[in-house]
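J.: One structure, as structure tokens, below. Some questions next.
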Amino acid sequence: MTQSLAPAAVPRLPVPSWSVQKTVNAGIRPILAAVAVLQFASLVYHPLAGPLHMAMAALLLLFLPLAAAKARRFSLILFGVITAVVAVLAVRSGRYDLVFDGLSHVGSFAAFLAALQLLRVAANQSAAVRRVKGRFLRLEPNEVVGGFTVGAAGLGSFLSVGAHAVLAPLVGPDSPMQDRLQAALASIRGISFAAFWSPLFIAIAFVTNRMPDVNVGSIVIIGLAVALVSLAADLLVSGTRPRELRRILHGLQPLLRGAVVLAVALVAVAQLLGVTAMETVVIALPVLCLAFLSLGSRDTRRRALKTSYNNLANVSDEVMLVTAAVVFSTMLAGVPYLTDLVGPWLGGLPAGVVLVVAIVFMLAAGAVGLHPSISAALIISTFANLPDAVSRLALAEAIIIAWALAAVISPVGMTVMVAAQMFRVPYQSLILSRNLVTTLVISVATAIGLTLLDLYLRGL
């Protein structure tokens with residue numbers, strides 16, 4: 001047997017996965033922190049908004065490969081599918097500029113998620129949150145679920161999905177997965193109910209801007225009625241009776257003072273700067289959280305800031321998917337096909353069927369990753385030339401409520417993604433859940449109620 005004269009190959013040791021992830025995280029954190037700072041600056045000093053948005057788009061191009069390197073399999077598949085569709089649309093339309101335009105609008109979402117990391121850390125330091133946690137420990141299981149729903153409906157009316165960050169510390173990361181999952185689902189439902197009526201959500205601001213002939217007061221009143229009925233029904237299903245509701249409200253009472261401060265600050269910023277609800281949170285939350293943390297010791301403040309910075313790496317999946325969704329939505333808005341296709345067909349349908357079609361379209365669009373602002377814009381533009389198809393108020397309400405419900409079942413919706421991140425649960429489990437049934441029931445009830453409203457408004 002002859003012996004080979006070639007030198008023996010030195011076996012290559014596999015690179016430990018933890019070291020790769022550590023390196024990737026080290027690259028992600030400064031990028032997302034820089035995007036958050038640039039977005040904050042662009043909002044408070046508008047003359048620099050254009051160049052700053054371009055800088056953020058460039059940073060996100062650097063971020064995406066890093067995020068993909070550590071993404072969960074489901075996130076990576078979803079990102080790949082959306083990216084492939086965007087590529088096809090870009091090639092067919094020749095509108096490659098829309099890709100960069102979409103990237104320049106992702107900054108608000110990234111900065112929003114970064115601000116929530118700071119809010120969560122600040123909430124963990126809050127004595128009020130600790131008192132609420134102690135009171136929740138004395139509640140029955142059905143009361144705890146009701147507490148998260150009521151708390152999210154109240155806090156969400158002015159804090160939007162930021163309510164997740166305040167409520168999540170009430171169920172710690174060491175709690176059983178099932179407890180965290182139920183709390184997250186309840187929090188999502190509560191926030192969706194708040195979105196039916198709160199003017200601080202983007203849905204009402206968007207729809208009233210595109211449909212200025214619709215009375216805002218009527219939208220808020222009808223939306224609030226739907227929200228209260230939905231909340232009452234949800235509490236009834238969870239077994240929460242009036243006595244239990246009183247215990248829940250008592251348990252949440254320590255949050256009242258902080259909630260009032262947050263609400264006043266957010267409303268003031270929105271009125272002074274004329275920005276959207278999400279942009280309001282991006283501006284106000286970091287200032288409020290830093291002011292709160294400054295009341296503690298230097299070591300506590302340093303640990304909190306370090307924790308917030310380190311946690312930026314935890315939102316990479318969410319930012320990656322939001323980036324894909326925003327670019328996808330921007331591309332669809334720039335290459336419209338739907339309006340000319342379905343407009344004539346919808347004109348001959350009864351108003352009730354039209355409302356059902358609008359709601360189903362928005363829910364289906366959300367389920368496949370289309371941002372509600374795009375599906376809403378398509379519906380509004382479609383019916384702009386069909387003034388007699390359905391009353392404007394009923395159509396506006398259908399869009400707003402469907403917008404809120406679409407966020408409950410969308411894999412790239414902020415409501416679900418933030419809940420998954422804050423409560424530390426897989427976001428797939430938040431979609432295929434009881435909330436899907438709740439969404440369908442409310443959708444059917446809404447379509448029936450708005451059909452009756454349309455008949456009344458048009459005197460039919």
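The values are calculated or read from the model by the stated rules, or taken from the named source; none is laboratory data. All figures in this text were calculated on a predicted structure; none of them were measured in a lab. So basically every Cβ, Gly included, is an ideal-geometry build from the backbone, and we count neighbours across all protein chains shown. Note: accessible area is taken over every heavy atom of the protein model, side chains too, but ligands, DNA and RNA are not part of it. Shrake-Rupley method; radii C 1.70, N 1.55, O 1.52, S 1.80 Å.
J.: Based on the Cβ-Cβ distance from ALA127 to VAL441, what FRET efficiency comes out when R0 is 30 Å, to the nearest 0.05?
T.: 0.15
J.: Once you have a ≥ b ≥ c as the square roots of the Cα gyration tensor eigenvalues for segment 93-232, tell me rounded if a/c is under 1.5, and otherwise prolate or oblate according to whether a/b is larger than b/c. Numbers along the way, then the final one.
T.: Details: a/c = 2.46, a/b = 1.40, b/c = 1.76.
Oblate, because a/c is 1.5 or more while a/b does not exceed b/c.
J.: Using the C-alpha gyration tensor of segment 362-421, what are the square roots of 5 times its eigenvalues, in whole angstrom, with the largest one first? Spell out each step's value before the answer.
T.: Numbers: eigenvalues 129, 23, 10 Å².
Whole-Å semi-axes of the equivalent ellipsoid: 25, 11, 7.
J.: Under a 1.4 Å probe, what is the accessible area of the chain per residue, stated in Å²? Each step should come with its number before you reach the end.
T.: On the way: 21070 Å² over 460 residues.
Per residue, the chain has 46 Å² of solvent-accessible surface.
J.: Also, quick follow-up: What order do you get for 392-400, 22-30 when each peptide is scored by the mean count of other beta carbon atoms within 10 Å, highest first? Please list the in-between numbers first.
T.: Working: 392-400: 24.8, 22-30: 15.6.
Going by the mean number of other Cβ atoms within 10 Å, highest first, we get 392-400, 22-30.
J.: I need the peptides 295-304, 31-40, 440-449, 322-331 ranked by packing, meaning the mean over residues of other C-beta atoms within 10 angstrom, with the highest value on top. Let's see the in-between values first.
T.: Values: 295-304: 12.3, 31-40: 21.1, 440-449: 17.5, 322-331: 24.8.
Listed from highest to lowest mean packing, they are 322-331, 31-40, 440-449, 295-304.
J.: Also, quick follow-up: Per residue, what volume in Å³ does the Cα convex hull of the chain take up? Spell out each step's value before the answer.
T.: Values: hull volume 93.7 nm³, N = 460.
Cα-based convex hull of the chain, divided per residue, equals 204 Å³.
J.: Calculate the FRET efficiency for ALA291 and LEU349 from the Cβ-Cβ distance with a Förster distance of 45 Å, rounded to the nearest 0.05. Don't skip to the end; give the middle numbers.
T.: Values: r = 54 Å, r/R0 = 1.20.
Efficiency computed from Cβ-Cβ geometry: 0.25.
J.: Shifting gears a bit: Would you list, by chain and number, the lysines whose Cα falls below 19 Å from the Cα of LYS70, excluding same-chain residues fewer than 8 positions away?
T.: Qualifying lysines at Cα under 19 Å: LYS22.
J.: Along the Cα-to-C-beta direction of ASP179, a point sits 7 Å from the Cα; which residues of segment 249-276 have their amide N less than 18 Å from that point?
T.: 251-252
J.: List the relative contact order of segment 139-264 as a percent without decimals, with contacts defined as Cα pairs under 8 Å and 6+ residues apart.
T.: Values: 134 pairs, mean separation 44.4, N = 126.
Relative contact order of segment 139-264: 35 percent.
J.: Here's another thing I want to ask about it. Compute log10 of I(q)/I(0) for segment 202-289 with the Debye formula, placing one identical point scatterer on every Cα and leaving out solvent, at q = 0.11, 0.18, 0.22 Å⁻¹, to two decimals.
T.: Cα-only, vacuum Debye calculation for segment 202-289: -0.50, -1.05, -1.10.
J.: Calculate the radius of gyration of the Cα atoms of segment 26-114 to one decimal place, then report Dmax, the largest Cα-Cα distance, as a whole number, both in Å.
T.: Cα-based Rg and Dmax for segment 26-114 come out at 14.0, 41 Å.
J.: Given R₀ = 25 Å, FRET efficiency for GLN21-ALA84 by Cβ-Cβ distance, to 0.05?
T.: Working: r = 26 Å, r/R0 = 1.04.
The formula returns an efficiency of 0.45 here.
J.: Then there is this: Cα convex hull of segment 263-337: mean projected area in nm², to one decimal?
T.: Details: hull surface 28.7 nm².
Mean projected area for segment 263-337: 7.2 nm², to one decimal.
J.: Before anything else, pin down the relative contact order of the chain: Cα pairs under 8 Å, at least 6 apart, normalised by residue count, whole percent.
T.: Details: 610 pairs, mean separation 100.1, N = 460.
With pairs under 8 Å counted, the relative contact order is 22 percent.
J.: Rg (Å, one decimal) plus Dmax (Å, integer) for the alpha carbons of segment 389-460?
T.: Cα only, segment 389-460: 15.3, 51 Å (Rg, Dmax).
J.: Ok, one more. At 222 nm, what helix-only mean residue ellipticity would the chain give, in deg cm²/dmol to the nearest 500, using -39500 (n - 2.57) for each DSSP H run of four or more? Kindly include the intermediate steps, with their values, before the conclusion.
T.: Values: 23 runs with 355 residues, N = 460.
The per-residue figure over the chain is -25500 deg cm²/dmol.
J.: Describe numerically, in nm with one decimal, the distance between label points set 7 Å from Cα along Cα→Cβ at VAL44 and at THR300.
T.: 2.4 nm
J.: Using alpha-carbon positions, what is the distance between the centroids of segment 169-211 and segment 31-93, in Å?
T.: Between the Cα centre of segment 169-211 and that of segment 31-93, the gap is 24 Å.
J.: Related question: Expressed as a whole percentage, what fraction of the accessible surface of segment 386-460 belongs to carbon and sulfur atoms when a 1.4 Å probe is rolled over the protein heavy atoms?
T.: 75 percent
J.: OK, next. So for the pair ARG138, TYR456, with labels modelled 7 Å out along Cα→Cβ, what separation do we get in nm?
T.: Each label point is offset 7 Å from its Cα along the Cβ direction, giving 4.3 nm.
J.: Treat every Asp and Glu Cβ in the chain as -1 and every Lys and Arg Cβ as +1, leave all other atoms uncharged, and give the resulting dipole magnitude about the Cα centre to the nearest 20 debye.
T.: 1680 debye
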